[in-house]
Amino acid sequence: AQKITQTQPGMFVQEKEAVTLDCTYDTSDQSYGLFWYKQPSSGEMIFLIYQGSYDEQNATEGRYSLNFQKARKSANLVISASQLGDSAMYFCAMREAENSGGYQKVTFGTGTKLQVIP
Amino acid sequence: NAGVTQTPKFQVLKTGQSMTLQCAQDMNHEYMSWYRQDPGMGLRLIHYSVGAGITDQGEVPNGYNVSRSTTEDFPLRLLSAAPSQTSVYFCASSYGLVQETQYFGPGTRLLVL
């Protein structure tokens, strides 16, 4: 079973509009972290936002917010007021405790390609 | 701080050749990992390490070896390159807690002919 599922291979959004990128996850751990990364065409991985499994409030970082619905196991990224520079691949990732030794694995989704239209 | 560095940036190999992708970090992170990125597959974990002397397999470990003799360095070795290993390889590091984000290197683009 996929640990992280991103069902939108590609999306378009009009400049200055808001857009939601979907992410669902699967884990039996109580303690885990959810992350979103941006990968522009230049290839680097840029950290955007983090949500902890015990955080009761949705995370926000500037124009980025994470819509965390724990019961539904979803962690959608909301980008407000889209800009042309937001055009990129976006990856959702989960970090969970592997075992009692504390070894962890970080699992990535397959990504969503966002294109912002002028 | 240089962050996470990777060398080389690009490499072309012939089938059967071996090589080592270098990764180093200067943030004293205990957790380091290697990913490969293929079109439509996202990032898949190859190997990871939770500290010097401790490594473990990820999702796609076959054909790759790692070692971690120091906190700073985490090289990835391809023992006998195959065309299926053509990919972009990313090294990442972080502190070892669930809430810690990973910092990524710039990537190595590998082509195996």
- request: Can you run down the residue pairs with Cβ atoms below 8 Å, 6 or more apart or on separate chains, where the first is in the stretch A:104-115 and within 26 Å of A:Gln30 (Cβ to Cβ) and among the small types (Gly, Ala, Ser) and the partner is modelled with pLDDT of 90 or more and assigned to a loop (DSSP other than H, G, I, E, B)?
  value: A:Gly109/A:Gln6; A:Gly109/A:Cys23
message: Would you confirm whether or not the stretch B:36-53 contains a residue that is assigned to a loop (DSSP other than H, G, I, E, B), within 26 Å of A:Thr110 (Cα to Cα) and in contact with a helix residue (DSSP H, G or I) (Cβ under 7 Å, 6 or more places away or on another chain)?
response: no
- prompt: When you look at B:Ala81, is it out of contact with any Phe, Trp or Tyr (no Cβ under 7 Å at 6 or more places or on another chain), surrounded by 20 or more Cβ atoms within 10 Å (Cβ to Cβ) and in contact (Cβ under 8 Å) with a residue 40 or more places away in the chain, yes or no?
  reply: yes
field: Residue that is modelled with the lowest pLDDT, among those in the stretch B:25-45 that are within 9 Å of chain A (Cβ to nearest Cβ) and on the phi < 0 side of the Ramachandran plot
entry: B:Met41
Output for the stretch A:1-46, where each listed residue is hydrophobic (A, V, I, L, M, F, W, C), over 14 Å from the mean Cα position of the chain (by Cα) and in a loop (DSSP other than H, G, I, E, B): A:Ala1, A:Ala18
- prompt: Does B:Thr15 count as surrounded by fewer than 20 Cβ atoms within 10 Å (Cβ to Cβ), in contact with a helix residue (DSSP H, G or I) (Cβ under 9 Å, 6 or more places away or on another chain) and more than 19 Å from A:Phe35 (Cα to Cα)?
  reply: yes
query: Looking at the stretch B:89-108, which of the residues that are of a type outside the set (Gly, Ala, Ser) and surrounded by fewer than 16 Cβ atoms within 10 Å (Cβ to Cβ) is farthest from the other protein chains (Cβ to nearest Cβ)?
result: B:Tyr95
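Given the options A:Ala93, A:Ala97, name the one that is closer than 23 Å to B:Phe90 by Cα, within 15 Å of the chain's Cα centre (by Cα), surrounded by 12 or more Cβ atoms within 10 Å (Cβ to Cβ) and within 14 Å of chain B (Cβ to nearest Cβ).
A:Ala93
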message: I'm checking my understanding of the structure. Among residues of the stretch A:87-96 that are of a type outside the set (Lys, Arg) and touching a residue at least 60 places away in the same chain (Cβ under 8 Å), which one is farthest from A:Pro40 (Cα to Cα)?
response: A:Glu96
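The values are calculated or read from the model by the stated rules, or taken from the named source; none is laboratory data. The structure displayed is predicted, hence computed values, not measured ones. Neighbour counts run over all protein chains shown; Cβ positions are idealised from the backbone, glycine included.
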